[in-house]
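Colleague: Questions regarding the structure given below will be posed in turn.
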Amino acid sequence: MTNVCKINFKIKGKGIPVVLLHGFMESLEIWNYIYHSIYNKYKVLSIDLPGHGESIFTLEKNSIFTMEKAAEMVKKIVEKKNIQKAIFIGHSMGGYIALAMAEKYPEMFLGLCLLHSTTESDTLEKKKSRIQSIQLAINNYPLFISTSIKKLFYYEKLSFLQKEISFVKKIALHTHINSIISFSKGMSIRKNRKFLLKTTRFPKLYIAGLYDLILDRKKIYEETKNGNQIYFVTIPTGHMGHIEQPKEIIKILENFIDFLRI
């Protein structure tokens, strides 16, 4: 099969560059509210990762799409828009990709925000869970999507978040199953990049959800203890703070970005 690659993105605004990297089974649409709220202050680049949203990238069913490969594609888009340095904001898997990029190209980072993300690699238990998820996706794709999306939100507010859940589910259903399989495998083998917290000089911001079922905020906080210029903020959400409480996320991000401009 001949590989076809076309990465979709949008960019708007002037000022300090901000790059938005969405998570697994998401698209740049996930940032819509934040994107339209901040491009009047900053130069905002939002990217559909390969195989997600409107980006086209042919993947074989048994392929593995690594975080490093995704990072190289992000770098090409950033350079294409003549951005030499930027603040990278990565949600979940988007954070893993930003970290892979930071390891190889730290000079491109003014700052990094890990939104519901971590520098740690998958535990053995998590790897097994991803394998089970792949099998469920193959056997019953709609059930896999529905089950996965519900786990992302604050469980006690699911009845109040039906509109947001439907929005995220619609985006996820647009993701090709081969991309889901390939990226799941890529995340399962990603390396531990905790060392970057010490070796990189740019500021790092963690935003963790108090009710996140995917990443334990206490473990994330422990992760942040040994590093340089690390800031840690918690919000009363699940794994989708930018969808559950976008205004609060904007406030936190603007404080971080404006701090970097001083």
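Colleague: How much length is gained on full extension from Lys198 to Leu210, taking 0.36 nm per residue of separation minus their Cα-Cα distance? Let's see the in-between values first.
Modeller: Details: separation 12, 0.36 × 12 = 4.32 nm, distance 2.53 nm.
That works out to 1.8 nm of additional length.
Colleague: Any of Lys76/Lys127; Lys6/Lys104; Lys157/Lys247 with alpha carbons more than 20 Å apart? Name them for me. Don't skip to the end; give the middle numbers.
Modeller: Details: Lys76/Lys127 30 Å; Lys6/Lys104 23 Å; Lys157/Lys247 17 Å.
Distance filter (> 20 Å) returns Lys76/Lys127; Lys6/Lys104.
Colleague: Could you work out the relative contact order of the chain? I mean the mean sequence separation of Cα pairs under 8 Å and 6+ apart, divided by the number of residues, in percent. Present the calculation step by step, with values, prior to reporting the outcome.
Modeller: Working: 493 pairs, mean separation 56.0, N = 262.
Relative contact order, the chain: 21 percent.
Colleague: Return the sequence-ordered ³J(HN,Hα) values of the range 38-50 in whole Hz as given by the Karplus equation 6.51 cos²θ - 1.76 cosθ + 1.60 applied to θ = phi - 60°, using x for Gly and Pro.
Modeller: In residue order, the calculated couplings are 10, 5, 7, 10, 9, 8, 10, 10, 10, 10, 7, 5, x Hz.
Colleague: Could you tell me which trypsin sites (Lys or Arg not before Pro) in the range 85-168 are loop residues by DSSP with no more than 15 other beta carbons within 10 angstrom of their beta carbon?
Modeller: Working: sites: Lys85, Lys104, Lys126, Lys127, Lys128, Arg130, Lys150, Lys151, Lys157, Lys163; in loops: Lys85.
Here the sparse-neighbourhood loop sites are Lys85.
Colleague: Another question, if that's okay. Kindly write out, for the range 7-14 in residue order, the coupling ³J(HN,Hα) from the Karplus curve 6.51 cos²θ - 1.76 cosθ + 1.60 (θ = phi - 60°), rounded to whole Hz, with x marking Gly and Pro.
Modeller: Here the 3J(HN,Hα) series is 9, 8, 7, 9, 9, 7, x, 9 Hz.
Colleague: Taking amide H atoms as placed 1.01 Å from N in the peptide plane, list the residues 5 or more away in sequence, or in a different chain, whose amide H sits under 5 Å from that of Val18.
Modeller: It is Lys43, Val44, Leu45, Ile87, by chain and number.
Colleague: Please report, to one decimal in angstroms, the Kirkwood hydrodynamic radius of the range 37-122 built from all distinct Cα-Cα pairs.
Modeller: Numbers: mean 1/r = 0.0726 Å⁻¹.
It works out to 13.8 Å.
Colleague: Given Cα positions, please report Rg to Rh for the range 5-261, the hydrodynamic radius being the Kirkwood one. Display every interim value, and only then the final one.
Modeller: Numbers: Rg = 16.8 Å, Rh = 18.1 Å.
Reported Rg/Rh (Cα atoms, Kirkwood Rh): 0.93.
Colleague: Identify which of Phe160, Phe144, Phe232 has the largest mean-square fluctuation in a Gaussian network model of the chain, with springs joining Cα atoms closer than 10 Å.
Modeller: Top of the fluctuation ranking is Phe160.
Colleague: How would you order 192-204, 131-143 from highest to lowest mean count of nearby Cβ atoms within 10 Å? The partial results should precede the final answer.
Modeller: Numbers: 192-204: 16.3, 131-143: 13.4.
Final packing ranking: 192-204, 131-143.
Colleague: Run lengths n ≥ 4 of DSSP H only: what is the helix-derived mean residue ellipticity at 222 nm for the chain, with -39500 (n - 2.57) per run over all residues, to the nearest 500? Intermediate values should be presented prior to the final figure.
Modeller: Values: 11 runs with 116 residues, N = 262.
That comes out to -13000 deg cm²/dmol.
Colleague: Using a simple charge model, +1 on the beta-carbon of Lys and Arg, -1 on the beta-carbon of Asp and Glu, nothing else, what dipole does the chain show about its Cα centre, in debye to the nearest 20? Write down the numbers at each step before the final one.
Modeller: Numbers: 39 positive and 23 negative charges, 75 e Å.
The dipole of the chain has a size of about 360 debye.
Colleague: Express in nm, to one decimal, how much length is gained between Ile189 and Arg261 on full extension, taking 0.36 nm for each residue of separation and deducting their alpha carbon distance. Let's see the in-between values first.
Modeller: Details: separation 72, 0.36 × 72 = 25.92 nm, distance 3.57 nm.
Separation in residues times 0.36 nm, less the Cα-Cα distance, equals 22.4 nm.
Colleague: Would you mind calculating the gained length between Lys6 and Thr123 on full extension (0.36 nm times residue separation, minus the Cα-Cα distance), in nm to one decimal? Don't skip to the end; give the middle numbers.
Modeller: Details: separation 117, 0.36 × 117 = 42.12 nm, distance 3.28 nm.
Result for the pair: 38.8 nm of gain on full extension.
Colleague: Please list, by residue number, everything in the range 10-30 whose backbone N is under 17 Å from a paramagnetic label point 7 Å out along Cα→Cβ of Ile83.
Modeller: Flagged as within label range: 10-23, 27-30.
Each value in this text was obtained by applying a stated rule to the coordinates, not by laboratory testing. Remember, it's a predicted structure, so these values are computed and weren't measured experimentally. As a convention, Cβ positions derive from the backbone with ideal geometry for all residues, glycine included, and neighbour counts pool all protein chains shown.
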